[in-house]
Amino acid sequence: MLKARTLFVVATVAVLGCDSPQDKAKEAEAARHTADQKVAEVTQNTERKEAEVQQRAAEEVARLEREGAKKVGEAEDRANQKADKATEALWQARDKARLDSSKKLDGLDHEVAELRPRLEKKLPSATAAAVVQDLQAKEAAVRESIRDLDQANADNLESLKKSISARLDVFEHALSDARKRV
């Protein structure tokens, strides 16, 4: 009987020591469940970190856009200030050219007014009228050029000033010739 008891103990230990297929399936299922939980946890952590990185990137982009917009705004302000100064300088240059030309023209007009009675006394009336009419035409051309200053821009202001100066010179030369006739 000893042999039977021994055999029974050995058989029981062998049966109890060996896992059954159901136990192995349960262990595999538990291991799979544990692995799925770890995958889900890692996926959740990865998604959370990705969302944090995307949030930080979005905040950085927004910050850069704000800084860029601020810099663009500052550059536009500086450009507007420079444009305003250039416009003011143009207005001042036009006003100075208009004032200088008008002063000179007024002086020449005064001389024509003083010369006219003497021309009418010394020259035949038709000749005197022709000389005065020529002087008035030259004076009108200068006045027209002075009016053109209102439309002058930075590109054509200098050429317009030269044109006015040239017309003033022509008017002054004609006045000088008329003075020589009396």
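Points to keep in mind about this one:
- Sorted peptide list for 147-154, 111-118, 57-64, criterion being average Cβ within 10 angstrom, highest first: 111-118, 147-154, 57-64
- Partners of K38 within straight-line reach, counting lysines whose Cα lies under 24 Å from its Cα and excluding those fewer than 8 residues away in the same chain: K24, K26, K49.
- For the chain, calculated [θ]222 nm from helices alone, where every DSSP H run of n ≥ 4 adds -39500 (n - 2.57): -34000 deg cm²/dmol
- For Cα extents along the principal axes in Å, the candidate list reads (1) 176, 21, 15; (2) 57, 39, 28; (3) 72, 26, 22; the entry that matches the value derived from this model is (1).
- Relative packing of 78-86, 134-142, which averages over residues the other C-beta atoms within 10 Å, highest first: 134-142, 78-86
- For the chain, built as a Gaussian network whose Cα springs stay under 10 Å, the top-fluctuating residue of S163, S101, S20: S20
- Within a Gaussian network of the chain (alpha carbon springs, distance under 10 Å), most fluctuating of A75, A28, A89: A28
- Among D36, D169, D109, the residue with the largest mean-square fluctuation in a Gaussian network model of the chain, with springs joining Cα atoms closer than 10 Å, is D36.
- Charging the Cβ of each Asp and Glu at -1 and of each Lys and Arg at +1, and nothing else, the dipole of the stretch 29-181 about its Cα centre rounds to 1140 debye.
Just so you know, all these numbers are worked out from the coordinates, no wet-lab data involved. Because the structure is predicted, anything quoted here is derived from the model rather than measured. Counting neighbours? That spans all protein chains shown, and the Cβs are built from the backbone with ideal geometry, glycine included.
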